[in-house]
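What follows is a single structure, written as C-alpha cells, with notes after it.
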Amino acid sequence: MNTTSNTNQRKKRTGLFAALALVLCVAIAGGVFAWYSATAQRTNTFASGSITEPDKKPDPTDPTIPGNDNVEVKGNIQETKWVDSSKISANSVVAKNPNIGVGKGSDDSYVFVKVTNNLGNNTYFTLNSNWAPVSDQVVKYTGAGSNASTYVSGIFVYTGKGTAAKILKGDATKDVYTGELFSEIHANDSFTGVADNAKTIDIKAYFGAKSSAGEELPLSDIQNAAIAKLNATN
C-alpha cells in the first residue's frame, strides 16, 4: 500500500477562480488555479467558476443591493451617476460612483479594484468606508482638501465597512454589490484642464474565489495574483 500517495492525496488543496472586468470596454477573463501534490496517477475533473454579471443596477438609496428598475445592465462595474464626457475644470466636482456587483448565483469572492487616474495628481477621490487601500499599491492625494481617505489612484480591497479584506457573499436569488468605491472626482485649483492624451479614469475589478467548497481561500495568494493581474499592461 502506497502510504506516501495516500497521505499526499489527503493534503488540503487550495485554488482560486479569478475574473477581471474592465470599465468602458468590459471584458471577463476567468481561470482556475490549483496546486496538487500526488505521486499516484490521478485525473481531476474541473467545473467552471461562476462570477456572473448583475441583471439590475444598484439601488439608489442602498447601493449594496440591486434596485427595482428593469433597465438592462452590462458588466460587473456599475456607475449610476456618471454621465459620459462629463466636463471637469479647476475647483470642480464630477459625479462618478463605481460599484462592483456580481449576478445571482455567483461564488463568494474577495474583490480588488484598481483605479488608474490619467487626469493627473491634481484630481482625486475620497475612498468610501467599505474599501481599504492595498499597501504599497496606492497614490495618496496630499494637496488642498486632502484627508486620510483621499487618493489619486491605486489598488483597493473590499472590506464591508471593516478594516480587513472581506469576502463578498454571493446570493442564489439576487445580485449583490459591494457598495460604491467612491462617489465623486474632485479637481483642485491647480488643475489646468484635460489633455488630449489624458482624458480617462479607468476602473478594473478582480474577483478571487474558491475553486471548490472544501478548499481554503488564502488571501495573501489572491492579493498577489490580483496585484499582478491588475498591474498587467494587457
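The values are calculated or read from the model by the stated rules, or taken from the named source; none is laboratory data. None of these values were measured; they are calculated from a predicted model. We place every Cβ from the backbone using ideal geometry, glycine too, and count neighbours over all the protein chains shown.
Residues that are polar (S, T, N, Q) and within 13 Å of the chain's Cα centre (by Cα) within the stretch 219-230 comprise just one, Gln223. Screening the stretch 128-177 for residues that are without any contact (Cβ under 8 Å) to a residue 24 or more places away in the chain and of a type in the set (Val, Ile, Thr) and picking the one that is farthest from Ile100 (Cα to Cα) gives Thr142.
Might you check whether a residue that is over 14 Å from the mean Cα position of the chain (by Cα) and surrounded by 17 or more Cβ atoms within 10 Å (Cβ to Cβ) occurs anywhere in the stretch 156-168? Give the steps one after another, and end with the answer.
Let us first name the residues in the stretch 156-168 that are over 14 Å from the mean Cα position of the chain (by Cα), namely 161-164.
If we keep only those that are surrounded by 17 or more Cβ atoms within 10 Å (Cβ to Cβ) too, we end up with none.
No, the stretch 156-168 has no match at all.
Check Ser106, Ser149 and return the single one that is small (Gly, Ala, Ser), in contact with a strand residue (DSSP E or B) (Cβ under 9 Å, 6 or more places away or on another chain) and surrounded by 19 or more Cβ atoms within 10 Å (Cβ to Cβ). Lay out the reasoning, then the answer.
On the way: Ser149 fails: surrounded by 19 or more Cβ atoms within 10 Å (Cβ to Cβ).
Only one candidate qualifies: Ser106.
Criterion applied to Gly179, Gly145, Gly162 was being of a type outside the set (A, V, I, L, M), within 23 Å of Glu79 (Cβ to Cβ) and modelled with pLDDT under 95, and the one residue passing it is Gly145.
A count restricted to the stretch 77-107 and to residues that are within 13 Å of Gly179 (Cα to Cα), among the β-branched types (Val, Ile, Thr) and not in a loop (DSSP other than H, G, I, E, B) stands at 3.
Answer yes or no: is there a residue in the stretch 182-191 that is in a loop (DSSP other than H, G, I, E, B) and within 12 Å of Val111 (Cβ to Cβ). Steps first, answer last, please.
Step one: filter the stretch 182-191 for residues in a loop (DSSP other than H, G, I, E, B), giving 182-183, 188-191.
Applying the additional criterion that residues be within 12 Å of Val111 (Cβ to Cβ) yields none.
Looking for residues that are in a loop (DSSP other than H, G, I, E, B) and within 12 Å of Val111 (Cβ to Cβ), one finds none in the stretch 182-191, hence no.
When the stretch 113-133 is limited to residues that are within 21 Å of Ile65 (Cβ to Cβ) and in a strand (DSSP E or B), the one that is modelled with the lowest pLDDT turns out to be Val113.
Number of residues in the stretch 169-209 that are closer than 19 Å to Gly120 by Cβ and polar (S, T, N, Q) equals 5. Just to be sure, is Asp136 in a loop (DSSP other than H, G, I, E, B) and among the acidic types (Asp, Glu)? Answer is no for this residue.
Take the residues in the stretch 219-234 that are out of contact with any strand residue (DSSP E or B) (no Cβ under 8 Å at 6 or more places or on another chain) and assigned to a helix (DSSP H, G or I), then tell me which one is nearest to Lys96 (Cα to Cα). Walk me through it before giving the result.
Applying the first criterion (out of contact with any strand residue (DSSP E or B) (no Cβ under 8 Å at 6 or more places or on another chain)) to the stretch 219-234 yields 220, 224, 228, 232-234.
Restricting the remaining residues to those that are assigned to a helix (DSSP H, G or I) gives 220, 224, 228.
Working: Ser220: 30, Asn224: 28, Ala228: 26 Å.
In this case the residue turns out to be Ala228.
Of the listed requirements (1) assigned to a strand (DSSP E or B); (2) among the basic types (Lys, Arg); (3) over 30 Å from Ser85 (Cβ atoms), Lys166 misses just one: (1).
For the stretch 197-218, the candidate set comprises residues that are part of a loop (DSSP other than H, G, I, E, B) and of a type in the set (A, V, I, L, M); within that set, the residue that is nearest to the chain's Cα centre (by Cα) is Leu217. Set side by side, the residues Tyr151, Tyr177, Tyr110 differ, and just one is more than 15 Å from the chain's Cα centre (by Cα) and assigned to a strand (DSSP E or B), which is Tyr151.
The C-beta contact set for the stretch 215-234 (first residue closer than 19 Å to Thr116 by Cβ, second residue modelled with pLDDT of 90 or more, distance under 6 angstrom, 6+ apart or interchain) comprises Ala226/Phe112; Ala226/Tyr206; Lys229/Tyr206; Leu230/Lys114; Leu230/Ile155; Leu230/Lys204; Leu230/Tyr206.
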